[in-house]
Amino acid sequence: FKTLSGVLAAFLLLLPAIAAAQLPRENAIQTDLLAETLSPAPGQSFTIAIRMQPDEGWHGYWLNPGEAGIPNSFEWDLPAGVSVGELRYPVPERLVISGIMNYIYHGEYAMLAEVTLDESVAPGTALPLRAQGQWLACTNEICVPEDGAIGIDLQAGSGEISDAAQFDGYRAHLPRPLGSEAVFEVVGDIFRLAIPFPRAAGISAPYFFAETDRVLDYSAAQSISRNGDMLVIEVPAESATETVDRIEGLIKIGEHDGLMLTAVPGDVPAAGEPISTDGQTEGRMSADIGTILFALGGAILGGVLLNILPCVFPMGNIRLEADSARH
């Protein structure tokens, strides 16, 4: 915008959306808690699922949301003798909006965790599992922080599985452990990663999702090739790469198939036969709307927005929020 009047006109265009965001509203991502057994056995473990169901046109985020977004957060309230492990996320998708890379989920998805019941818990004991969650729900234009309570009532018993098919479906979308270490190095300003992967194994539209933040340029294209029994990934590095001695991430090898890996510093072989990395979803806003959103994040309206816009913000400005949440 060349004039202040243009900025104000853009702001007025968004007033209806801002006003709507201030009114009581249903969450755009519905959440609930499921368990594969309603009668877990003392001394054993079982799986629970936090099911996320975005409305049409909305999406949620992976554990590292990419350049934009905020990670999900759940605080558990558990009875004595019950512990919950780390949440495991399904293989994510990519979404680029105005050049910003997002790691997201369209449609229903579930995060799984293992729950362990102490052997001292007596059969018949009531086991209410509760959690308070916070997450970010986004369209291609706006993002809204959401929260809610989830829970399920169980009772210590036989451990009989009551929902095997649904949980098997959820597990099928989880990445598997790689089983061997990957290695990485930085050459100039390029991050290079070598991942053990059999030469004969099939792969489709691979992509490396970094769980460790700020080790690579999220929005840059990844060059992926095969050198014998290694996948070699090359992408522009971020400055943080030089200070880390361990990188966690996920190599996607199929539509819902991926491998979780850990990489340590080492010698990465030369690039080999290139592999197509097509499979990125492109979400675009018009140039005019993108400019409007950029202007709304600027200094001219900054003070106004802090007062009237606490729960909705444009996609282009999410990185600032995500940075503060992760540091």
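The values are calculated or read from the model by the stated rules, or taken from the named source; none is laboratory data. As the structure is a prediction and not an experimental result, all values here were calculated from the model. Reconstructed Cβ throughout: ideal geometry from the backbone, glycine too, with neighbour counts over all protein chains shown. Side chains are part of the model used for accessible areas, which takes the heavy atoms of the whole protein and leaves out ligands, DNA and RNA. Shrake-Rupley method; radii C 1.70, N 1.55, O 1.52, S 1.80 Å.
Computed from backbone phi with θ = phi - 60° and the Karplus coefficients 6.51, -1.76 and 1.60, the 3J(HN,Hα) list for the stretch 177-187 is x, 5, x, 8, 7, 8, 10, 9, 8, 10, 10 Hz; x is used for glycine and proline.
For Ile203, no residue 5 or more places off, or on another chain, has a built amide H under 5 Å of its own. Here the Karplus curve 6.51 cos²θ - 1.76 cosθ + 1.60, taken at θ = phi - 60°, turns the phi angles of the stretch 244-260 into couplings of 9, 10, 7, 10, 9, x, 9, 9, 7, 10, x, 4, 10, 10, x, 10, 7 Hz, with x standing for Gly and Pro.
Mind checking the per residue accessible area of the stretch 84-168 for me, 1.4 Å probe, whole number of Å²? Could the numbers behind the result be given before it?
Working: 3550 Å² over 85 residues.
Here the per-residue accessible area is 42 Å².
When +1 charges are put on Lys and Arg Cβ atoms and -1 charges on Asp and Glu Cβ atoms, the dipole computed for the stretch 51-157 relative to its Cα centre reaches about 140 debye. Label positions at Ser158 and Ser204, each projected 7 Å from the Cα along the C-beta direction, are separated by 4.0 nm. When only DSSP loop residues count, what GluC sites (Glu not before Pro) in the stretch 174-259 have their Cβ near at most 15 other Cβ atoms within 10 Å? Those that pass, being in a loop and sparsely packed, are Glu181, Glu255.
For Ala172 and Glu86, compute 0.36 nm times the residue count separating them, minus their Cα-Cα distance, and round to one decimal in nm. Display every interim value, and only then the final one.
Values: separation 86, 0.36 × 86 = 30.96 nm, distance 1.78 nm.
Result: 29.2 nm gained on full extension.
Between Thr116 and Glu56, what is the FRET efficiency for a Förster distance of 45 Å, r being their Cβ-Cβ separation, to the nearest 0.05?
On the way: r = 37 Å, r/R0 = 0.83.
Efficiency, rounded to the nearest 0.05: 0.75.
Here each label is just a point 7 Å from Cα along the line to Cβ, and for Asp189 and Val244 those points are 1.9 nm apart. Shown here for the stretch 181-233: trypsin sites (Lys or Arg not before Pro) in loop regions (DSSP other than H, G, I, E, B) with at most 13 other Cβ atoms within 10 Å, namely Arg199.
Amide H to amide H, with H built 1.01 Å from N, Leu127 comes under 5 Å of Leu154, Gln155, Ala156, counting only residues 5 or more places away or on other chains.
Determine the share of the stretch 64-207's accessible area contributed by carbon and sulfur atoms, expressed in whole percent, with a 1.4 angstrom probe. Can you show the working numbers first?
Details: 3220 of 6290 Å².
Carbon and sulfur atoms account for 51 percent of the accessible area of the stretch 64-207.
Rounded, prolate or oblate: pick one for the stretch 65-152, where a ≥ b ≥ c are the square roots of the eigenvalues of its C-alpha gyration tensor, a/c under 1.5 means rounded, and failing that, prolate if a/b is larger than b/c, else oblate. Display every interim value, and only then the final one.
Values: a/c = 3.61, a/b = 2.57, b/c = 1.41.
The shape class here is prolate.
Using r as the Cβ-Cβ distance of Thr212 and Glu108, and R0 as 30 Å, what FRET efficiency do you calculate, to the nearest 0.05? Don't skip to the end; give the middle numbers.
Working: r = 28 Å, r/R0 = 0.92.
It comes to 0.60.
Close amide H partners of Gly66, meaning residues 5 or more places away or on another chain with modelled amide H under 5 Å apart, are Tyr103.
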